[in-house]
Amino acid sequence: MFPDKPKKKKIVYLDHAATTYCREAVRETMDPYFFEQFANPSSLYSLGREVNGAINSARRQVADILGTVSDSIIFTSGGTESDNLAIFGVAQANKEKGRHIITTAGEHPAVLHALQELEKQGFQVTYLSLDRQGNIDLKELVAAICPETILVSIMYANNEIGTIYPIADIGREILKWRKAKNTPFPFFHSDACQAAGVVDLSVEKNHVDLLTLNGSKIYGPKGTGVLYKRRGVSLHPQMVGGSQEFKLRAGTENTAGIIGLAKALELAQEDREKENQRLFTLRQYFWEKIQATVPDVALNGPELINPDVRLPNNLNVSFTGIEGEALLLYLDEYGVMVSTGSACSSLSLKPSHVLTACGLPPVVAHSSLRFTLGQRTTKTDLDYVIKYLGPIVARLREISPLNSRIK
């Protein structure tokens, strides 16, 4: 039998890699731009100029955090649009220079699906392999670069298994290749949506030419994003109709969202060392409790003891013998919200492309759950999860046909 449900169900949200709530301090900075300073930033009258000034201030704020100039910051509707603008933008603007792109097999769908579209248009894409912890081989990357390569796109941190990639090392290798060949190509793009608030985002130290960020992963507003574009990188706009965002992204600016995103990024980077340590400690505690309570579990992704190789809030676990989707849905009945490694919204129910790229068999990938902790997560929350996790897993294993096949 499944455990009795509590009289008062506690809500425990452990899916912060999917999205976060909006911090109160962020919302407060946004409020005036909904009701008072609401004018179109392109207007010539005073209220429009004031709003335009606020956007420019937010642009400088983001640029300072990234260690760059403000005209390198393009505001978008989120991480997906920023990834698309970087990938399609580079490809379409530079297709006469080359039609080869390098990425990894574990990228976010916003990157992978964009590249698959380019393959239909005659571009060639090299997908670097991942080891069991989700890492790539730098030698394989360098060997893949050729005179036709115009772009390398590698995420800063993996959204499913938390792997933090050595972006600065990758950038240096690309710079060496460009210098040796006396060419500006390939450009280097990194999706840093999961990395903001965890790592140093200096674009100079990391040697990136394009960097993607979004608001919904850093306790900012949804529908907001940033694409950093180094001066000299040519992009073809994907939205036309106006001269906004340096003629690279037409449309009336989301003023409140832009203001909120800049504030959220500022707070995330200010708090990161203290919050990273808190989350690291909580995550270690949670994993120890899971191991002590639930038999036959396996950690997916990098080791947990080294904070430099894995996001401090990420825990991806395979529960042998059951479907991850089933466990997710039963946990939800007890107020616990997590994510699965499988594409549960897909009719085909394909296992996680990241876990299979790491070498996990599909049946194991299907049994995985991703727990991602956040600013409001407490030890009490995790104890509540542990109380129900073990009995639910045990019962699902009893009734699961998958468990019988594995045995």
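The values are calculated or read from the model by the stated rules, or taken from the named source; none is laboratory data. Nothing here was measured: the structure is a model prediction, and the numbers come from that model. No Cβ is skipped: glycine too gets one built from the backbone with ideal geometry, and neighbour counts run over all protein chains shown.
ASP83 meets the conditions (1) among the charged types (D, E, K, R); (2) touching a Cys at 6+ places or on another chain (Cβ under 9 Å); (3) farther than 30 Å from GLU140 by Cα in every case but one. The failed one is (3).
Restricting attention to the stretch 91-117 and to residues that are of a type outside the set (A, V, I, L, M) and part of a loop (DSSP other than H, G, I, E, B), the residue that is farthest from LEU311 (Cα to Cα) turns out to be GLU96. Filtered by the rule that a residue be surrounded by fewer than 19 Cβ atoms within 10 Å (Cβ to Cβ) and in contact with a helix residue (DSSP H, G or I) (Cβ under 9 Å, 6 or more places away or on another chain), the stretch 282-293 gives TYR285, LYS289, ALA292, THR293.
Just to be sure before I move on: is GLY321 over 28 Å from THR103 (Cα atoms), modelled with pLDDT of 95 or more, of a type outside the set (Asp, Glu) and part of a loop (DSSP other than H, G, I, E, B) in the structure I sent?
Working: over 28 Å from THR103 (Cα atoms): yes; modelled with pLDDT of 95 or more: no; of a type outside the set (Asp, Glu): yes; part of a loop (DSSP other than H, G, I, E, B): yes.
Spelling it out, it is not the case that GLY321 is over 28 Å from THR103 (Cα atoms), modelled with pLDDT of 95 or more, of a type outside the set (Asp, Glu) and part of a loop (DSSP other than H, G, I, E, B).
Restricting attention to the stretch 215-229 and to residues that are in contact with a Phe, Trp or Tyr (Cβ under 8 Å, 6 or more places away or on another chain) and either at pLDDT below 95 or part of a loop (DSSP other than H, G, I, E, B) (or both), the residue that is nearest to PRO184 (Cα to Cα) turns out to be THR224. Filtered by the rule that a residue be of a type in the set (Gly, Ala, Ser), outside any helix (DSSP H, G or I) and either within 23 Å of the chain's Cα centre (by Cα) or surrounded by 14 or more Cβ atoms within 10 Å (Cβ to Cβ) (or both), the stretch 43-68 gives a lone residue, GLY67.
Which of the following residues is under 22 Å from GLY134 (Cα atoms) and of a type in the set (Asp, Glu): ASP383, ASP308?
Working: ASP383 fails: under 22 Å from GLY134 (Cα atoms).
ASP308 is the lone residue from the list that is under 22 Å from GLY134 (Cα atoms) and of a type in the set (Asp, Glu).
When restricted to residues that are over 16 Å from the mean Cα position of the chain (by Cα) and outside any helix (DSSP H, G or I), the stretch 136-185 contains 14.
Taken over the stretch 76-107, the residue count meeting the criterion of being of a type outside the set (A, V, I, L, M), in contact with a helix residue (DSSP H, G or I) (Cβ under 7 Å, 6 or more places away or on another chain) and under 28 Å from LEU355 (Cβ atoms) is 7. Within this structure, ARG395 passes the test of being on the phi < 0 side of the Ramachandran plot, among the charged types (D, E, K, R) and modelled with pLDDT of 95 or more. Can you tell me which of THR76, THR29 is at pLDDT 95 or above, over 24 Å from the mean Cα position of the chain (by Cα), under 29 Å from GLU275 (Cα atoms) and surrounded by 16 or more Cβ atoms within 10 Å (Cβ to Cβ)? Unique residue meeting the criteria: THR29.
For LYS274, indicate whether it is basic (Lys, Arg) and part of a loop (DSSP other than H, G, I, E, B). Please lay out each step first, then the result.
Details: basic (Lys, Arg): yes; part of a loop (DSSP other than H, G, I, E, B): no.
The answer is no for LYS274.
Annotation: LYS205 fulfils all but one of (1) assigned to a loop (DSSP other than H, G, I, E, B); (2) surrounded by fewer than 22 Cβ atoms within 10 Å (Cβ to Cβ); (3) not β-branched (Val, Ile, Thr); the unmet one is (1). Every listed requirement among (1) outside any helix (DSSP H, G or I); (2) at pLDDT 95 or above; (3) out of contact with any strand residue (DSSP E or B) (no Cβ under 8 Å at 6 or more places or on another chain) is met by ARG370 save one, (3). Checking the stated criteria, THR103 turns out to be in contact with a Phe, Trp or Tyr (Cβ under 7 Å, 6 or more places away or on another chain) and over 16 Å from GLN244 (Cα atoms).
Here's the yes/no breakdown for (1) surrounded by 16 or more Cβ atoms within 10 Å (Cβ to Cβ); (2) outside the structural domain of LEU373 (by TED's automatic domain parsing); (3) within 19 Å of LEU299 (Cα to Cα):
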position	(1), (2), (3)
ASP137	no, yes, no
ILE145	yes, yes, no
THR149	yes, yes, no
ASN159	yes, yes, yes
TYR165	yes, yes, yes
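Within the stretch 367-392, restricting attention to residues that are surrounded by 24 or more Cβ atoms within 10 Å (Cβ to Cβ) and of a type outside the set (A, V, I, L, M), the residue that is farthest from GLU275 (Cα to Cα) is SER367. Could you list, ordered by first residue, the pairs with Cβ atoms under 6 Å in which the first is in the stretch 366-386 and free of Cβ contacts under 8 Å to residues at least 60 places away in the same chain and at negative phi and the second is buried (at least 16 other Cβ atoms within 10 Å of the Cβ) and basic (Lys, Arg), at least 6 apart or interchain? From residues that are free of Cβ contacts under 8 Å to residues at least 60 places away in the same chain and at negative phi, there are no pairs.
Of all residues in the stretch 118-135, at least one satisfies being at pLDDT 95 or above, outside any loop (DSSP other than H, G, I, E, B) and farther than 21 Å from ASP209 by Cα. Among the residues of the stretch 228-248, those identified as more than 19 Å from SER153 (Cβ to Cβ) and either loosely packed, with under 13 Cβ neighbours inside 10 Å or touching a Leu at 6+ places or on another chain (Cβ under 8 Å) (or both) are ARG231, VAL240, GLY241, SER243, LYS247.
The numbered conditions (1) surrounded by fewer than 16 Cβ atoms within 10 Å (Cβ to Cβ); (2) assigned to a strand (DSSP E or B) are all true for SER190 except (1).
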